[in-house]
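Have a look at the structure below, then the notes.
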Amino acid sequence: MKLVKMESYVVATPAPHIGGMYWIFVKLTTSCGIEGVGEIYSATFHPDGMKYLINDVFERYLLDQDPHHIEKFWRRAYSSGFTQRPDLTMMGIVSGFEMACWDIIGKAANKPVYELIGGKVNDKLRCYTYLYPKNSKGEYDYSDPYLAAEYAAECVKKGFTAVKFDPAGPYTAYSGHQLSLEVMDRSELFCKLVREAVGSKADLLFGTHGQMVPSSAIRLAKRLEKYDPLWFEEPVPPGQEDAMAEVARKTSIPIATGERLTTKYEFFKVLNSGAAKILQMNIGRVGGILEAKKIASLAEVYYAQIAPHLYNGPIGAAASFQLATASPNFLIQESIMTWGGFHAEILKKPIQWENGYIIPSTEPGLGVELNMDVVLKNAPYTGKRLHLQMSDNPFDVKDDAPAHG
């Protein structure tokens with residue numbers, strides 16, 4: 001079996017762009033006609049630039065190769081250009097191709113991927129969603145703690161046992177910074193109102209995205225401890241695990257991190273320093289399914305758990321479910337609401353969600369198939385924004401004061 005063809009598609013997501021501005025899918029085809037799909041989660045460069053890199057990696061390391069040889073492909077790409085470093089963009093491309101190879105391997109074996117990486121451990125996957133409340137104008141409003149609490153209660157009625165929110169914005173290229181007292185007040189009010197709305201029926205997941213310096217994160221954590229969140233996410237910027245470990249040592253709230261990290265090497269530093277006990281790898285960025293499985297195994301040694309990150313399309317989601325299904329230290333999976341909307345439209349058969357759980361597919365490979373009519377209708381992406389973006393300006397205590405709280 002050899003890989004003979006590669007196609008890539010950059011799909012524009014419709015407003016309000018839940019899951020990012022666009023999704024990058026790749027399709028691999030073998031000489032015997034088996035197709036496999038993958039998703040690249042790489043936000044560093046615009047897709048117009050990414051398509052050349054994607055083609056180069058395929059032609060250099062996968063064309064005419066056997067898709068079963070995951071380790072061989074991974075090591076050659078990881079070492080490309082005499083690097084052997086956790087290159088975020090390279091690993092994003094590798095991740096998409098690697099999950100497409102697994103899709104082919106599973107289809108050839110007539111087995112779901114999870115049966116080939118250790119077998120099913122979890123029959124269903126506990127999941128959480130961000131809160132997506134709408135105001136009286138029908139617009140998403142992420143800054144109002146009262147709307148957030150109402151939406152959280154609705155999520156619990158649907159079956160969710162955990163909800164996530166991030167009121168400690170903004171995200172800026174100059175973070176971490178010291179939060180203002182007003183932002184901390186708002187963050188505490190979010191926790192208070194959401195906890196009152198859900199009681200003990202749901203965990204609170206306090207999401208941040210590296211906004212704070214350690215001293216600010218510690219100040220905020222002390223305010224939030226009384227509401228017993230399940231985790232305090234990425235309190236300081238990625239890349240300095242000792243700084244995050246400083247926060248971890250001074251709060252009872254478990255620290256979660258990992259969506260911006262890649263490869264076992266970066267996650268080992270997090271674990272070894274005591275920076276976090278909940279790892280949030282994104283399968284489309286971390287190096288693929290097998291690399292994520294290795295990281296999950298490393299986490300077992302530290303009695304740490306995995307909670308895979310997901311803010312992209314349904315192919316990366318399906319790959320994440322394969323890992324979660326086969327991992328004994330799985331805690332919870334990020335879900336994008338209940339997988340309706342565009343996430344469902346772009347698949348031939350939607351992801352199955354029931355009463356707060358994702359139900360792993362029993363179909364071979366990744367268990368999902370793209371609806372190519374929908375893919376082609378929404379490709380290519382012609383916008384200029386990246387998948388996600390942060391503010392170009394430093395945090396300003398007055399200009400960035402919250403509207404509520």
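The values are calculated or read from the model by the stated rules, or taken from the named source; none is laboratory data. Small disclaimer: the values here were computed from a predicted structure and weren't measured. Quick reminder, even Gly has a Cβ in these numbers, built from the backbone with ideal geometry, and neighbours come from all protein chains shown. SASA here: full protein model, heavy atoms, side chains in, ligands and nucleic acids out. Shrake-Rupley method; radii C 1.70, N 1.55, O 1.52, S 1.80 Å.
With the alpha-carbon atoms of the chain aligned to their principal axes, the span from lowest to highest coordinate is 61, 43, 42 Å, starting with the largest. For region 259-405, the convex hull spanned by the alpha carbon atoms encloses 186 Å³ per residue. Other residues with beta-carbon under 11 Å from the beta-carbon of residue 348 carry, at +1 per Lys or Arg and -1 per Asp or Glu, a net charge of -3.
Near residue 347, the amide H atoms lying under 5 Å from its own belong to 371; only residues 5 or more places off or on other chains count, and H is placed 1.01 Å from N. Relative to the longest principal axis of the Cα atoms of the chain, the long axis of helix 289-301 makes an angle of roughly 50 degrees.
At a probe radius of 1.4 angstrom, the accessible area of the chain per residue rounds to 41 square angstrom.
The H on the amide N of residue 203, modeled in the peptide plane, is under 5 Å from the matching H of 162, 163, each at least 5 residues off or on a different chain.
3J(HN,Hα) couplings calculated from phi for region 81-93 with the Karplus curve 6.51 cos²θ - 1.76 cosθ + 1.60 (θ = phi - 60°) are, in sequence order, x, 6, 9, 6, 9, x, 7, 4, 6, 4, 5, x, 5 Hz; Gly and Pro show x.
In plain terms, the bigger the Kirkwood radius, the slower the diffusion; for region 124-242, with that radius from Cα pairs, at 4 °C and 1.567 mPa s, Stokes-Einstein puts D at 88 µm²/s. Taking a straight line from the alpha carbon of residue 201, these lysines sit under 16 Å away, with near neighbours fewer than eight places off in the same chain left out: 157, 158, 164, 192. Each Cα pair under 8 Å and six or more residues apart adds its separation to the average, and for region 1-106 the resulting relative contact order is 34 percent. What lysines could a cross-link reach from residue 294, if we take a straight Cα to Cα line under 24 Å and drop same-chain neighbours fewer than 8 places away? Partners within reach: 72, 107, 111, 120, 124, 264, 269, 277.
Computed as a quarter of the hull surface, the mean projected area of the alpha carbon convex hull for region 1-64 stands at 4.7 nm². When the chain is treated as a GNM with alpha-carbon contacts under 10 Å, the residue of 174, 130, 41 showing the greatest mean-square fluctuation is 174. For the chain, the mean residue ellipticity at 222 nm estimated from helices alone is -11000 deg cm²/dmol, where every DSSP H run of n ≥ 4 contributes -39500 (n - 2.57) and the total is divided by all residues, rounded to the nearest 500.
If you take the square roots of the eigenvalues of the alpha-carbon gyration tensor of region 325-405 and sort them as a ≥ b ≥ c, do you get rounded (a/c under 1.5), prolate (a/b over b/c) or oblate? Note, shape of region 325-405 comes out oblate.
One decimal place: the segment residue 48-residue 136 gains 27.9 nm when fully extended, by the rule 0.36 nm per residue minus the C-alpha distance.
For the chain, DSSP calls about 50 percent of its internal beta bridges antiparallel.
Remark: region 217-226, residue by residue, has Karplus-estimated 3J(HN,Hα) of 4, 5, 4, 5, 4, 4, 5, 8, 4, 5 Hz, where x stands for each Gly or Pro and the curve is 6.51 cos²θ - 1.76 cosθ + 1.60 at θ = phi - 60°. Pairs of alpha carbons in region 223-338 separated by more than 21 Å make up 32% of all such pairs. The peptide list 270-282, 8-20, put in order of mean Cβ contacts within 10 Å with the highest first, becomes 270-282, 8-20. What percentages make up the Cα-Cα pair-distance distribution of region 119-164 when the bins are 10 Å wide from 0? Here the calculated profile for region 119-164 is 26, 42, 19, 9, 3. Comparing mean-square fluctuations of 243, 318, 152 from a GNM of the chain with C-alpha springs under 10 Å, the top value falls on 243. Considering only the Cα atoms of region 55-158, their convex hull presents on average a projected area of 11.3 nm². Summarised in one figure, the compactness ratio Rg/Rh of region 272-340, Cα atoms and Kirkwood Rh, is 0.96.
Near residue 285, the amide H atoms lying under 5 Å from its own belong to 41; only residues 5 or more places off or on other chains count, and H is placed 1.01 Å from N. Please give every one of the aspartates and glutamates within straight-line cross-link reach of residue 134, meaning a C-alpha to C-alpha distance under 18 Å, and leave out same-chain neighbours fewer than 8 residues apart. Straight-line reach from residue 134, under 18 Å: 144, 150, 154, 166. For region 1-133, the Kirkwood hydrodynamic radius from C-alpha pairs, put into Stokes-Einstein at 4 °C and a viscosity of 1.567 mPa s, yields a diffusion coefficient of 80 µm² per second.
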